[in-house]
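Take a look at the structure set out below.
The values are calculated or read from the model by the stated rules, or taken from the named source; none is laboratory data. Keep in mind it's a predicted model, so treat the numbers as computed, not measured. Here the Cβ positions follow ideal geometry from the backbone for every residue, glycine too, while neighbour counts run over all protein chains shown.
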Amino acid sequence: MANTTSRGRGVGSPARRTMTAAARAAAKRTERAEHPADEARPGGEERYSGRTLVIEAAGGWDDPPEPAPEPDQVSESEEVPEKSASVRPWRRPLSMALCAVLVAGLVAIAVLGWQYREGLRAEQARREALAAARKAAPVVLSYDYRHLDRDFAQARTRLTGTFRDEYRRTTKTVVGPTARKYHGVVKATVAAPAGGGRPAASVVSAGPDKAVVLLFVNQVTTSTQVRGSRVDLNRVRMTLTRTAEGWKVSAVDAL
């Protein structure tokens, strides 16, 4: 009868209760396994979980194009390369052309300056050589048997180079002895126009250190070999060279 009292208090048999408790425990374990993070969340916050579904396009996804910047948003640093790239192809040829023009101009100025200086020196040489030739011709081409040594010494002061040595030998061995023997006297003058004016002499060529002058020289000769006097009208080409002592005669040729 005691067993009947105990059955009246319970819901079912002990075996039935045991199976029910085991089912509830298994359900809790399954719930914990599916939602392990729900128990760790404070305050019992609910978390919805599920599977993530990835959708792939048939041809793949393309990255969207970047938006083009507005004209006023382009910085100066981005504009400079485009500007320099557009200018660079013609800047180098232009610079080279300017350099070539500058060099050519400097060379032309240098050449013109050199020619100008050479022209001034040549003009100065013409004047100086012409004056020296007019003074030298009467001295070099004249002599008097009564004072030959003096005349020849004066003539040598107007000469230079090998022509001076040649003149010394010729006057010593030929001209001097002949003049003494026949009492020769030769007086030379540079011809002048009949109506008056400067002596007849002109510059054939002239450089800074050398010049050639053409002179018309009249020589009046007297000696025991000639009755009266003889007049020779000569054309003389005289070469002059600049020396430390001025312009000197370096050659005389009778034409």
From the list E118, E166, which one is of a type in the set (D, E) and in contact (Cβ under 8 Å) with a residue 24 or more places away in the chain? E118
Test each condition in (1) free of Cβ contacts under 8 Å to residues at least 40 places away in the same chain; (2) part of a strand (DSSP E or B); (3) not acidic (D, E) for P177 and report the one that comes out false. (2)
Pull up region 208-255, narrow it to residues that are under 42 Å from the mean Cα position of the chain (by Cα) and among the acidic types (D, E), then point me to the one that is nearest to T189 (Cα to Cα). E245
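Counting just the residues of region 125-174 that are of a type in the set (F, W, Y) and part of a helix (DSSP H, G or I), which one comes out farthest from V213 (Cα to Cα)? Show your work before the answer.
Taking region 125-174 as the starting set, the residues that turn out to be of a type in the set (F, W, Y) are 143, 145, 152, 163, 167.
Now narrow it down to the ones that are part of a helix (DSSP H, G or I): 145, 152, 163, 167.
Working: Y145: 29, F152: 22, F163: 16, Y167: 19 Å.
Here the answer is Y145.
So which of V139, V185 ends up being modelled with pLDDT of 95 or more, surrounded by 15 or more Cβ atoms within 10 Å (Cβ to Cβ) and within 30 Å of R126 (Cα to Cα)? First the steps, then the outcome.
Numbers: V185 fails: within 30 Å of R126 (Cα to Cα).
When all the criteria are applied, what remains is V139.
Listed residues V212, V203, V174, V249; which is of a type in the set (V, I, T) and farther than 20 Å from R127 by Cα? Can you show your working first?
Numbers: V212 fails: farther than 20 Å from R127 by Cα; V203 fails: farther than 20 Å from R127 by Cα; V249 fails: farther than 20 Å from R127 by Cα.
From the options V212, V203, V174, V249, the qualifying one is V174.
Taking the residues in region 200-237 that are more than 19 Å from A129 (Cβ to Cβ) and basic (K, R) as candidates, determine which candidate is surrounded by the fewest Cβ atoms within 10 Å (Cβ to Cβ). Spell out how you get there, then give the answer.
Taking region 200-237 and keeping what is more than 19 Å from A129 (Cβ to Cβ), we get 218-234.
Now narrow it down to the ones that are basic (K, R): 227, 230.
Numbers: R227: 8, R230: 13.
Per the stated criteria, the residue is R227.
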Test result for T170, over 45 Å from the mean Cα position of the chain (by Cα) and under 19 Å from D253 (Cβ atoms): yes
Take the residues in region 188-199 that are of a type outside the set (V, I, T) and surrounded by 15 or more Cβ atoms within 10 Å (Cβ to Cβ), then tell me which one is nearest to T221 (Cα to Cα). A188
Flag if A57 is modelled with pLDDT of 80 or more and either more than 30 Å from N218 (Cβ to Cβ) or among the hydrophobic types (A, V, I, L, M, F, W, C) (or both): no
Could you figure out which of (1) touching a helix residue (DSSP H, G or I) at 6+ places or on another chain (Cβ under 6 Å); (2) at positive phi; (3) without any contact (Cβ under 8 Å) to a residue 24 or more places away in the chain isn't true of G197? (1)
